[in-house]
Each structure stands twice: as C-alpha cells, then as structure tokens.
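Okay, so here's the structure we're looking at.
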Amino acid sequence: MSDEKIFAEGFKSTPYWWEAAPPGTVAGSPLPSETDCAIVGSGYSGLSCALELARAGVRSVVLDREDIGWGASTRNGGMISAEPKFADPGTLRRRFGEERAARILEDGRATLANLQEVCEREGIDCELQLTGRFVGAHSPAAYRGLEKKAGALEAEGKSGFELVPRSRQHEVTGTDYYHGGLRFTDGGSLHPALYHRGLAEACRRHGVVFCPGTEVLGMERLTEDTRAPRFRVHTARGAFESREAVLGTNGYTGTATPWHRRRLVPLGSFIIATEALIPGQVEQMFRGFCTMSNTQRILFYYRPSPDHRRVVFGGRASFRKSEPARASSVRLHRYLCEVFPQLRGVRITHGWSERGLHLRWPSPHGRARWRAFLHGVQRKRGPDDELSRPENRFEDLGTDESALRLRRSAFPDPTPLRR
Ligand SMILES: Cc1cc2nc3c(=O)[nH]c(=O)nc-3n(C[C@H](O)[C@H](O)[C@H](O)COP(=O)(O)OP(=O)(O)OC[C@H]3O[C@@H](n4cnc5c(N)ncnc54)[C@H](O)[C@@H]3O)c2cc1C
C-alpha cells in the first residue's frame, strides 16, 4: 500500500474525539475585575482544579489562549490505569521509604475510583469502559522485567493482574508481536473529549467563569506576603486581580511563565484512528476490548474506539516538536501494521498531534511562584492528593534516568484557598 493510499477520503488532521465533542462549545464571559483564583489552561488540570475550588465555595476564572479544551485533554488516548507506571513499588520504597512510597502508590491507585466518583457525581457520560489493560513485552528481557514487577505486586499483597506468557498471548490479543505480557483487570478507557466536556459542564453548573481566547501574558505578584498573596494577571484582553493563580498549561507552557517554561520539555506525540473495521475484527485484536501498551521506551498505546469499530493507536512518531500530520500518520500506520499485520490495507481517517511534557531534571525548587498541578486523565484529586498537597506543589517528577524523584519541597504558603 503506497503512503498516500493509507489515507481515507476526507482524512482529517484533527482528533477523532472532536467528531463527538469538538472544543469551542463553551461560551466565554468578559474578564472579571477580580477573582479568588485565576486558572491558566482549560484542560483536565485547570477544570479539575476549578471544579474542586467551586465546590469549596472559591470563585475561579479559567483562561485559555485557545478554545476551552483545545489542548492535550481532548486529544489524548483516553486510556486509564490504576497503577502508577513511573516506577515499581520496590524502586519507590528505596527512594522514598516505606511510608511515602505507600502514599504515592495509593494515590495512583485511588485515581481510578476518584474518576468514577467524579463521573457519577457530576453525571458525566464519557463512555467509561473498565475493560482492563495489557502491557506487552517487546523482548524476552522485557518479559522478565514484567515478571519482576508482578512479583513485587504480589509481595505487596495486590491482586487483579496476571502474567501472560507468549504461549497464551492470544487469549488477550490477536498479535504475535510480543513476548508475553502483564494483564491487569483494572483500568480501561474513556472518551477523552466527552470527559472534558462533562468536566466543563460541571464547572459551569458550579459557577466557574470561562474566558477562552484569552492569552495570559504574565502574572505580577502584588505582595511578598505569602500568607495573603495577590496577583495581577495580564492577558491579551486586559488585566485583573486574583488572590491565587494556578498554572495548568502542560506542554504549551510559554514565555508568560518563564520560570516554569525553563523546567518543562514539551514533547510532540501522535495518534491515528482507523476507518471502521469489519465486525469482529477489533475484538479479535483486543480480547474483551482491553487497552494495550508496550514496554518499549518509545511507547505505543492503543485501544478500541468506544464503539469497538476502530483502532486508536498512539505513539511518538517523531522527536520533533511538530511534524505535518500526514508524515506522522504514515509512520504510525507502519508501526500499527507491525503490531497488527492484519490491518495492512486498512485506511486511517484521523491523524493528529498533541503536546505533552516532561519535567526537566533536576528541577530546583526555590521559592514557589505559583501553584502548579500536573494531571493526566485521572490525575485529579482533592486536597489530599499527594501531588496536590501544599507542601508538594513544586515537585520534581524526574526523567527516564532518575525514574522518579518526588521531593518534598519547602512550600512557603500552605494557606488553603478555602474562604
Ligand atoms: C500523546 C499523549 C497521549 C496521552 N494519553 C493519555 C492517556 O491515554 N491517558 C491519560 O491518563 N493521560 C494521557 N495523556 C496525558 C494527558 O493528556 C495530559 O496529562 C492532560 O491532558 C494534561 O491536561 P492539562 O490540563 O494539564 O493540559 P492541556 O489539556 O494540554 O491544557 C493546557 C491548556 O493551556 C493553554 N495555555 C497554554 N499557555 C497559555 C497561556 N499563556 N494563556 C492561556 N492559555 C494557555 C493551552 O491553550 C491548552 O488549552 C497523554 C498525553 C499525551 C501527550
């Protein structure tokens, strides 16, 4: 199949998810003259924060340079797990000690229940499907790594996972690409843009003010009193004052916040969606419609679409920050066919990019400027969340070399936002 033939007629370089829930449907309000909390960025981080604040009676304004929901939150894979994937329990314990490692792990595991609770409480219908997930080993050595991981989980008394040797792999997936893998019964997938829309609607119901098309150009600290902070927020549409500011700008963090920008490395990533497949084909590849990822450093992650008719396949197609959608799509299609040769000849209808981030390491803490929350789909928790606790707000999540390094930093202003 020539490169051009992989594109279905009407191929779009916008997310497949936007067919059901495009960004830009949330109406904006004029800039206020003042508020309790200015939230920059309207993805999951910004909206989850706004929602929690609103439920606690704190007024907030969500500002986005683009439409509400334009960023990674409506573009990602929508895959969910309840297992923190950045390190195994043993590594965590060695780095942080028993107690803290246990808290970090519990936090990660609690996110799934939290996600379910938010969806239920706020009536968010986002095609949440808890179908489990499979991590495929790309080599025999990687399988041994998964065996070790399974052993560590077992030693912790955890259940809900199973090592699947290569000989039984077809019970989970229709590919021979892997050398066995680890199957988890927890986790699954959701429709990321519908989840985002549900969060935005919940925010709206709770009185959150939205200002789309409002680039934040900078923030000025009006007082050095960290117990009663005050900011002037400068935007392309004017300025206003706020008691607190939250930055949820992800890989799109720019010159408005140079302190953060220096510490973040944006990484481009790409996802493709296939055309509708013949009935039964998706289930043959994803038994029980579980989601899948692999152990390679250059991760692929893939899943069935919520209607089980397509494959949504993501990965790092290029190390460039951005690349034309068609070029990335060609590359990803090639990887897709390596994993599922039966999809040769299947065309793709959507191919899109998004920008995630890595934190530079080491990341000096110094005096906190603004509060930052870093969340994935599930990474929203209340004030008890280990990463949201005031003393942890400036965290160093490390790079591949460091695996994970969470340090308790001296956050000078633990004043809760509650009135
Ligand atoms: C390729 C990829 C796949 C992923 N897949 C998954 C997955 O399957 N499961 C999962 O749990 N997580 C996944 N994630 C992670 C998840 O998508 C992100 O962690 C999450 O969406 C980040 O949300 P956010 O609110 O922090 O940022 P975003 O949703 O990216 O929002 C940031 C917003 O900030 C705005 N902004 C930036 N600067 C300014 C400014 N100066 N003024 C005003 N607005 C500004 C941008 O316009 C943007 O809308 C994936 C990430 C990537 C990169």
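Every number here is computed from the coordinates shown, using simple stated rules; none is lab data. For clarity, every value in this text was computed on a predicted model and none was experimentally measured. Every residue, glycine as well, gets a Cβ built from its backbone with ideal geometry; the counts of neighbours run over all protein chains shown.
Give me, ordered by chain and number, the residues 5 or more places off Phe161 or on other chains with an amide H under 5 Å from its own placed amide H.
Thr185
Using θ = phi - 60° and the Karplus curve 6.51 cos²θ - 1.76 cosθ + 1.60, what whole-Hz ³J(HN,Hα) does each residue of segment 93-104 get, with Gly and Pro shown as x?
5, 5, 7, 10, x, 3, 5, 5, 4, 4, 5, 5
Apply 1/(1 + (r/R0)^6) to the Cβ-Cβ distance of Arg334 and Ala113, taking R0 = 41 Å, and write down the FRET efficiency to the nearest 0.05. Don't jump to the answer; show the numbers that get you there.
Numbers: r = 38 Å, r/R0 = 0.93.
Once the sixth-power term is evaluated, E becomes 0.60.
Could I have the simple spin-label model distance between Lys5 and Leu130, label points 7 Å from Cα toward Cβ, reported in nm to one decimal?
In this crude label model, Lys5 to Leu130 measures out at 4.5 nm.
Sort segment 1-129 into rounded, prolate or oblate with this rule: let a ≥ b ≥ c be the square roots of the eigenvalues of the Cα gyration tensor; rounded if a/c is under 1.5, and if a/c is not under 1.5, prolate when a/b is larger than b/c, oblate otherwise.
Values: a/c = 2.13, a/b = 1.12, b/c = 1.90.
Oblate is the answer for segment 1-129, as a/c is 1.5 or above yet b/c matches or exceeds a/b.
What are the residues whose amide H is under 5 Å from the amide H of Gly218, where those residues sit 5 or more places off or on another chain and H is modelled from the backbone?
Distant-sequence amide H within range of Gly218: His234.
Going by average Cβ neighbours within 10 Å, how do the peptides 45-58, 234-247, 255-268 rank, with the highest at the top?
Details: 45-58: 22.8, 234-247: 18.5, 255-268: 15.8.
Averaged packing, sorted descending, gives the order 45-58, 234-247, 255-268.
What is the spin-label model distance, in nm, from Asp36 to Thr255 if the labels are put 7 Å beyond Cα along the C-beta direction?
Label at Asp36, label at Thr255, 3.5 nm between them.
Where does the charge balance sit around Gly207 when Lys and Arg score +1, Asp and Glu -1, over other residues with C-beta under 12 Å from its C-beta?
Numbers: positive: Arg55, Arg59, Arg204, Arg205; negative: Asp36.
Cβ neighbours under 12 Å give a net charge of +3.
Tell me, how many Å apart are the Cα centres for segment 156-235 and for segment 51-103?
Each part's Cα centre sits 6 Å from the other's.
If you plug each phi of segment 261-266 into the Karplus form 6.51 cos²θ - 1.76 cosθ + 1.60 with θ = phi - 60°, what whole-Hz ³J(HN,Hα) values come out, in order, with x for Gly and Pro?
Once θ is set to phi - 60°, the couplings for segment 261-266 become 4, 5, 9, 10, 10, x Hz.
For Ala276 and Arg94 in the same chain, what is the full-extension length gain: residue separation times 0.36 nm, less their Cα-Cα distance, in nm?
This chain segment gains 60.8 nm when fully extended.
Mind giving me the nanometre distance, one decimal, between the label points for Glu220 and Arg232, set 7 Å out from Cα along Cα→Cβ?
The two pseudo-label positions are separated by 0.2 nm.
Arrange the peptides 109-115, 328-334 so that the one whose residues have, on average, the most other Cβ atoms within 10 Å appears first. Please list the in-between numbers first.
Values: 109-115: 18.3, 328-334: 21.7.
Top to bottom by mean Cβ count within 10 Å: 328-334, 109-115.
Name the long-range amide H neighbours of His350: under 5 Å, sequence gap of 5 or more, or other chain; modelled H, no Pro or chain starts.
Lys12, Ala273
When Lys and Arg each count +1 and Asp and Glu each count -1, what net charge do the other residues less than 15 Å away from Ser167, Cβ to Cβ, add up to? Intermediate values should be presented prior to the final figure.
Details: positive: Arg166, Arg168, Arg183; negative: Glu147, Glu162, Glu171, Asp176.
That sum, taken over residues with Cβ under 15 Å, equals -1.
How much length is gained on full extension from Arg344 to Lys148, taking 0.36 nm per residue of separation minus their Cα-Cα distance?
Details: separation 196, 0.36 × 196 = 70.56 nm, distance 3.48 nm.
Result: 67.1 nm gained on full extension.
Given a cut-off of under 8 Å on Cα pairs at least six residues apart, what relative contact order in percent is computed for segment 144-200? Intermediate results must be reported in sequence, preceding the final value.
Details: 41 pairs, mean separation 17.5, N = 57.
Once normalised by length, the contact order is 31 percent.
Can you give the extra length, in nm with one decimal, that the chain gains between Ala239 and Ser29 once fully stretched, where that is 0.36 nm per residue apart less the Cα-Cα distance?
Values: separation 210, 0.36 × 210 = 75.60 nm, distance 1.43 nm.
So the chain would gain 74.2 nm between Ala239 and Ser29.
State to the nearest 20 debye the size of the charge dipole of segment 31-173 about its Cα centre, where the only charges are +1 on K and R beta carbons and -1 on D and E beta carbons. Each step should come with its number before you reach the end.
Numbers: 19 positive and 22 negative charges, 161 e Å.
Taking the Cα centre of segment 31-173 as origin, the dipole is about 780 debye.
May I ask you to derive the relative contact order of segment 25-180, considering only C-alpha pairs under 8 Å and at least 6 residues apart, and to give it as an integer percent? Mind dumping the intermediate values first?
Details: 118 pairs, mean separation 24.2, N = 156.
Value for segment 25-180: 15 percent.
For segment 133-190, with only Lys/Arg (+1) and Asp/Glu (-1) charged at the beta-carbon, what is the dipole magnitude about the Cα centre, in debye rounded to 20? Don't skip to the end; give the middle numbers.
On the way: 8 positive and 7 negative charges, 25 e Å.
About 120 debye.
Provide the per-residue ³J(HN,Hα) series for segment 306-314, in order, calculated from phi with Karplus coefficients 6.51, -1.76, 1.60 and θ = phi - 60°, each as a whole number of Hz, with x at glycine and proline positions.
x, 8, 6, 10, 10, 10, 10, 10, x
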